[in-house]
Every structure is written in C-alpha cells, then in structure tokens.
Amino acid sequence: MKITGELCEVRWGYFPAARLGKWSAVRNQGETSAAFTAVILEQDEQRMSQAPLFVVVPTESSTWRWKISELQITGSTLTARVS
C-alpha cells in the first residue's frame, strides 16, 4: 500500500523538528512498518537528533502520527522506517 502527500512535519514531542514537502509511505503486505521518504524543506538539526521523533501528517478530519524507528538524511531527502 502506498500513501502520498504534499506537506507534513517531523516532531520531537510537541516541538517541530522539520518541515517536509512531497512525501510517500509504502508498506508491503505482512510488514508492520512502512518505508517513508520526503523532501526536507527546513529542519532544526538539534531537534532532529533527539528521540523519539514522529512524522505528523495533517488530514481533513484528523492527524496521522507515525513513530520513526530508523532515520537517514541525504542532502534534502529524508528516508525513514515508520510505524
């Protein structure tokens, strides 16, 4: 299953750690976590080095919140495992 979007953010607790642009989350059948990829628009390096971090995605009626278990940043691309 693949979900995509335009904007979301990474949060450390209630603090914003990064603002993300185009993103996608892909979860294969039988897996409990998903591969998450996004373009980093801006980030606070100190907050991004903390734990736990969460991807927070606003929707029309609620908010999705996924815990980051693995994180890698290469240039302006964020890659993570979320659940």
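Read the figures in this text as sums done on the coordinates, not as results from a lab. Note that the coordinates shown come from a computational prediction; the quantities given were computed from them, not determined experimentally. All Cβ positions, even for glycine, are placed from backbone atoms using ideal geometry, and neighbour counts span all protein chains on display.
Contact annotation: residue pairs with Cβ atoms under 8 Å, 6 or more positions apart or on different chains, pairing a residue in the range 14-28 that is closer than 11 Å to GLN43 by Cα with a partner that is polar (S, T, N, Q) and surrounded by 14 or more Cβ atoms within 10 Å (Cβ to Cβ), are ALA17/GLN43; ALA18/GLN43; ARG19/GLN43. Search the range 14-40 for residues being of a type in the set (Lys, Arg) and surrounded by 14 or more Cβ atoms within 10 Å (Cβ to Cβ), and hand back the single one that is farthest from the chain's Cα centre (by Cα). Among them, the one singled out is ARG27.
Considering the conditions (1) without any contact (Cβ under 8 Å) to a residue 12 or more places away in the chain; (2) crowded, with 16+ Cβ neighbours inside 10 Å, GLY75 is excluded by exactly one of them, (2).
For the range 43-72, the candidate set comprises residues that are acidic (Asp, Glu) and not in a loop (DSSP other than H, G, I, E, B); within that set, the residue that is surrounded by the most Cβ atoms within 10 Å (Cβ to Cβ) is GLU70.
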